[in-house]
């Protein structure tokens, strides 16, 4: 992994580990599901994200998809979990990614220029 990707991973893990109560809940849920083999580890997802979307990771969230779009084979509803990342790239572009926590597949990407005034959304 190149230096920028490694930095992004370290920063994201730091954000994940030192977040507020909501992020601690995210981390606890992710670790529990990882132990059950239901989701991939954040480190694995970060390696993929850093390779394909280089930049500084500003935020990491772990959420359950409430949309009901996830179905396992046979029609049974799956526990559909997503890692969400906000990444600041070169030239001030902000990228928001949603990644399927089970497969590591990027399921949604949105980009926009960072707002002037230095505030991150």
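Taken together, the values in this text are just the output of simple stated rules run on the coordinates, not laboratory data. None of these values were measured; they are calculated from a predicted model. With ideal geometry, Cβ positions are generated from the backbone for all residues, glycine too; neighbour counts draw on all protein chains shown.
Peptides 30-43, 49-62: what's the order by average Cβ count within 10 Å, highest mean first?
Top of the packing list down: 49-62, 30-43.
If the chain between residue 64 and residue 52 were fully stretched, how many nm would it gain, using 0.36 nm times the residue separation less the Cα-Cα distance?
2.0 nm
Gain in length, residue 38 to residue 96, computed as 0.36 nm per residue apart minus the alpha-carbon separation, to one decimal in nm?
Answer, rounded to one decimal: 18.5 nm.
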